[in-house]
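The values are calculated or read from the model by the stated rules, or taken from the named source; none is laboratory data. Owing to the predicted nature of the structure, the values given are computational and were not obtained by experimental measurement. Here the Cβ positions follow ideal geometry from the backbone for every residue, glycine too, while neighbour counts run over all protein chains shown. Note: areas computed on protein heavy atoms with side chains; ligands, DNA, RNA excluded. Shrake-Rupley method; radii C 1.70, N 1.55, O 1.52, S 1.80 Å.
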Amino acid sequence: MRRLLTVILAWAMSAALAAAERRVTVAEVIIEGCRQVHPDRIRFITSVRPGRSYELSEELPLALADDVRAIARMGPFTDPRTEVRFGEDPTRVTVVIRVTELPYVTKLEFLGLEDTWGLEDDLRKLLTTRVGGYANPLHLENDLRAIEQALRTRGYRGATARLRQEETPAGVALTIVIDLPRAVTVGRVVYKDLPPFERPNGITRRRLDALLDRVQVNRPGRPWQPEMLELDQQDVVRVLQDEGWLDCRLEAVEVERSDFVRPLDERRRGGPATVPDGVYDDRVHIIYDLDPGPRYRLGSVSFIGNTVASSEELRRAFALEDGAWFRREDIAKAVERARRVISNQGYARCRAIQERRIDVERRLVHLTVRIEEGSKYRFGRIDIRGNAMTRDGVIRRALAIGPGEWWNDDAVDESRRQILRSGLFADNPRRPLSLRPDFPEDRPEEVDLIISVEEQSTGSLQAQLGYSSATGVFGQFSYSESNFDLIGALTDPLGRWRGGGQTLSLDLGVSENRNSISASWSEPALAEGPFSLGTTVARIESSQRDWDERRISTSTTVGRAFLRRDLRLSLTYGYFDSEITDIDVDAPDDARAGTYYGNSLGLGLSYDRLDNIRLPTSGYALAASGTVFGWPLSATDPMFEYLVKSDGFLPLLEAEDGGITYLRLSARWRAAHPLDDDHLAFYQRYLGGGQAPRHRGFSHNNLGPRAINRNGFLARVGGDRDLIATLELSYPFQGINEGIRGVVFLDAGNVWGEDQPLTIEDLRYAWGFGVRFPLQFPVSLDFAWLIAPQPGEAANQVHFGIGQVRF
């Protein structure tokens, strides 16, 4: 009997194994659950189809699992399931795919945000559900939670979001109902027993509470977020310890609520039913009870473990004197300066480790810096990543290092600065530009440099109709590309016309009193070398001055870069041909109709330390040039003109997304002298006023000397010297440098006539504010008020301009 049972069991197992391993053919695929979406859309993406055979135990389940994932990714369906049905023929099966079709979103609106401004637009950006998409329950639930979290971070504590659905013939209409309580904001933040903040020489610099406010989430005017209070407490203590109060402790934290009386006009608008008493419980005050303790100074500084450089060399590079306040940031910078004395000699893995010994009685921190030099390395490979469009050569020509050279941290930093100056790559907290070392195991004496970049938008195409204070109603078409490739455009215009780091600009403008067409191209590094080449051609028809003028001009500039491309020497040849007609009755007496021309040679010198060529936020640029019209070439009215200009940017604050608030100071001085006559020709004289970089306190060409002409009219004579200086504060409204900016400015300048003495009392001043739009839509709008206007002068001006404002 036992033997019989063994035989039967073996037979059953073999039969089961044979059934599992047999192959089956799909006879039919049935789609169930489709309502508006045709089943063929599912059949198109699935791999299991009639007529195909599969191994039953493994191949068919795996193929069906892949099909389920593919259906889920389509979007219109959720919870797809499969079933395999067997018929009379054991070798043929029917596959059933069941889906739940999601409704089509025909409408999506918010309810409960009527009294807020801009909040609905911000919340819509958080949604994954869109009109025209599908109402996925999981996505909708995630959207509601994201909305509630966003409202809480804005101070709406206890805000809730719920969904209301209404079926329509074409799908479903969604309404997100918001229960929005009163927003709670932070009022005052008080720091008890806070010591004064002083420089090492004892001069008070600023109150320390301003520094503490900047590092907190719950700072004055911000939404109240109680869950972040613990982190804020840690930040308060950390900042004071970093500033030298090493024994700082937080004794207690108090949070007080207070009522805030709204203006009475709110009651008038909403009525007593909406605002019964005009008082809301909507602010909290935070009080930090601190025990800062004594502030410590730097004691002695010593170095151990250094063999490449002496301790005296490292101490000189450390630079901080004994007795300086022990600020963490200053100490870290000083230690890094000392470390680089060694690392810049090839020691890429050099480390400097701080060891502190605190003298409590004398309130000193004695610092020992332990140096771990490591091995000496040369640069091996330099790999560039992320430049999908820009050629490697554009980046490599900016590098201050090369393969085979000893590792140098300062050279790596300089390379990073030069790459950013091109304006082709992003660098902000979300998209930083990275240059990092990589030590290959197969080359122990070399270190590779990995450069990771992220390209940003470099082109701009505009077609617009508008109004400008200088030209009246105008039409504008322009195209600019700062990553153009001329050779690629000629050889493969559809594929390689970008990526060369060259600048191309095309512009066409039509207006009431000025029509223009121009084109310019420049190559900053010919054959990846130090020479540059640029050319410009333009045709202008204008009646902005007291005559009609048709001018054709062209120029070509060859330059040579020095000092890591910061210093540039340039030679420019230019030519213009001007035809002047229809002299107005209020023109200067020496204005004559005719044809005028001029060949010119110019020599220029510039020194540029700006951080970005397109959107600078720090650094400075200096330039000077001299241009001769005529000698040794020819011109109708020979003259000599020289120009000096400067442009400086001082960063003040940095937003969380990298936007810089900066102070800008710009100035330009130019003067012209005739060579064959006692006076400049009428068309060569300067007039000021207009949109930046001109004096914004005056309309276009209305600043300058005037005189009564022979017809009895007050003529705009013009001058031979022109000065404009601007102080401007720029703030990034959107928190990024490429976004919309607000500016507040002060302009000072004038135009002096021939033989008119130059005095500072002649300067004319104007102040105002304006808006700058992003690079993709480079428009400026300025409102200016003239300080101390003279009789007959307008007290205010509005200027609308196109293009970035550069001196």
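Values as computed for the structure displayed
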item	result
Test: R397 is farther than 30 Å from I517 by Cα and open to solvent by 40 Å² or more (accessible area, probe 1.4 Å)	no
Among the residues listed as R35, R41, R23, the single one being modelled with pLDDT of 60 or more and touching a Cys at 6+ places or on another chain (Cβ under 9 Å)	R41
Qualifying positions in the range 622-653 - farther than 22 Å from F769 by Cβ, of a type in the set (D, E, K, R) and not in a loop (DSSP other than H, G, I, E, B)	E641, K645
Residue list for the range 367-383, filter: open to solvent by 20 Å² or more (accessible area, probe 1.4 Å) and either under 21 Å from D611 (Cα atoms) or in contact with a Leu (Cβ under 9 Å, 6 or more places away or on another chain) (or both)	R381, D383
When residues of the range 168-185 are limited to those that are touching a strand residue (DSSP E or B) at 6+ places or on another chain (Cβ under 8 Å) and not hydrophobic (A, V, I, L, M, F, W, C), the one surrounded by the most Cβ atoms within 10 Å (Cβ to Cβ)	G171
Test: T128 is of a type in the set (S, T, Y) and either under 30 Å from I71 (Cβ atoms) or exposed (fewer than 14 other Cβ atoms within 10 Å of the Cβ) (or both)	yes
Meets criteria (modelled with pLDDT of 85 or more, small (G, A, S), under 25 Å from the mean Cα position of the chain (by Cα) and on the phi < 0 side of the Ramachandran plot) for S516	no
Residue match in the range 778-792 (condition: at pLDDT 95 or above, charged (D, E, K, R) and surrounded by 17 or more Cβ atoms within 10 Å (Cβ to Cβ))	no
Count - residues of the range 388-404 that are farther than 24 Å from D566 by Cα and touching a residue at least 40 places away in the same chain (Cβ under 8 Å)	2
Index of the failed condition, L622 passing every other in (1) under 24 Å from G594 (Cα atoms); (2) open to solvent by 50 Å² or more (accessible area, probe 1.4 Å)	(1)
Hits in the range 405-426 (condition: open to solvent by 40 Å² or more (accessible area, probe 1.4 Å) and without any contact (Cβ under 8 Å) to a residue 40 or more places away in the chain)	E405, D413, R416
Qualifying positions in the range 328-356 - among the charged types (D, E, K, R) and in a loop (DSSP other than H, G, I, E, B)	R349
So G689, is it within 31 Å of the chain's Cα centre (by Cα) and without any contact (Cβ under 8 Å) to a residue 40 or more places away in the chain	yes
Complete set of residues in the range 41-86 that are hydroxyl-bearing (S, T, Y) and part of a strand (DSSP E or B)	S53, Y54, T78, T82
Residue in the range 484-503 that is nearest to F800 (Cα to Cα), counting only those that are touching a helix residue (DSSP H, G or I) at 6+ places or on another chain (Cβ under 8 Å) and part of a strand (DSSP E or B)	Q502
Hits in the range 131-144 (condition: within 17 Å of R164 (Cβ to Cβ), open to solvent by 50 Å² or more (accessible area, probe 1.4 Å) and at pLDDT 90 or above)	E141
Matching residues in the range 152-195 - criterion: being part of a strand (DSSP E or B) and of a type in the set (G, A, S)	A161, G171, A173, G187
Pairs, first open to solvent by 80 Å² or more (accessible area, probe 1.4 Å) in the range 477-496, second modelled with pLDDT of 90 or more and part of a strand (DSSP E or B), C-beta under 6 Å, six or more apart	F477/L508
Filtered residues of the range 668-691 (kept if surrounded by 19 or more Cβ atoms within 10 Å (Cβ to Cβ) and at pLDDT below 90)	G690, Q691
Qualifying position, being closer than 18 Å to A519 by Cβ and polar (S, T, N, Q), among T595, T557	T557
Top-ranked residue in the range 713-770 [being under 30 Å from L615 (Cβ atoms) and of a type in the set (D, E); ranked as most open to solvent (accessible area, probe 1.4 Å)]	E738
Scan of the range 524-547 for residues that are farther than 12 Å from V394 by Cα and in contact (Cβ under 8 Å) with a residue 40 or more places away in the chain, ordered by number	Q544, R545, D546, W547
Test: V473 is loosely packed, with under 13 Cβ neighbours inside 10 Å, more than 24 Å from the chain's Cα centre (by Cα) and β-branched (V, I, T)	yes
Those residues of the range 21-42 which are closer than 14 Å to P76 by Cα, open to solvent by 70 Å² or more (accessible area, probe 1.4 Å) and free of Cβ contacts under 8 Å to residues at least 40 places away in the same chain, in sequence order	H38, D40, R41
Which listed residue is farther than 26 Å from D546 by Cβ and part of a loop (DSSP other than H, G, I, E, B), from G770, G690, G742, G735	G735
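Conditions tested, residue by residue: (1) of a type in the set (G, A, S); (2) touching a residue at least 40 places away in the same chain (Cβ under 8 Å); (3) open to solvent by 40 Å² or more (accessible area, probe 1.4 Å).
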residue	(1), (2), (3)
F640	no, no, yes
K645	no, yes, yes
E656	no, yes, yes
S666	yes, yes, no
P693	no, yes, no
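The rows are residues; the columns are (1) under 25 Å from R41 (Cα atoms); (2) under 40 Å from the mean Cα position of the chain (by Cα).
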site	(1), (2)
F77	yes, yes
E83	yes, no
T91	no, no
V99	yes, no
L126	no, yes
N136	yes, yes
H139	yes, yes
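Table: residues versus (1) farther than 30 Å from E167 by Cα; (2) surrounded by 13 or more Cβ atoms within 10 Å (Cβ to Cβ); (3) hydrophobic (A, V, I, L, M, F, W, C).
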{"residue": "L56", "(1), (2), (3)": "yes, yes, yes"}
{"residue": "L60", "(1), (2), (3)": "yes, yes, yes"}
{"residue": "A63", "(1), (2), (3)": "yes, yes, yes"}
{"residue": "R69", "(1), (2), (3)": "no, no, no"}
{"residue": "G87", "(1), (2), (3)": "yes, no, no"}
{"residue": "T91", "(1), (2), (3)": "yes, yes, no"}
{"residue": "R98", "(1), (2), (3)": "no, yes, no"}
{"residue": "T106", "(1), (2), (3)": "no, yes, no"}
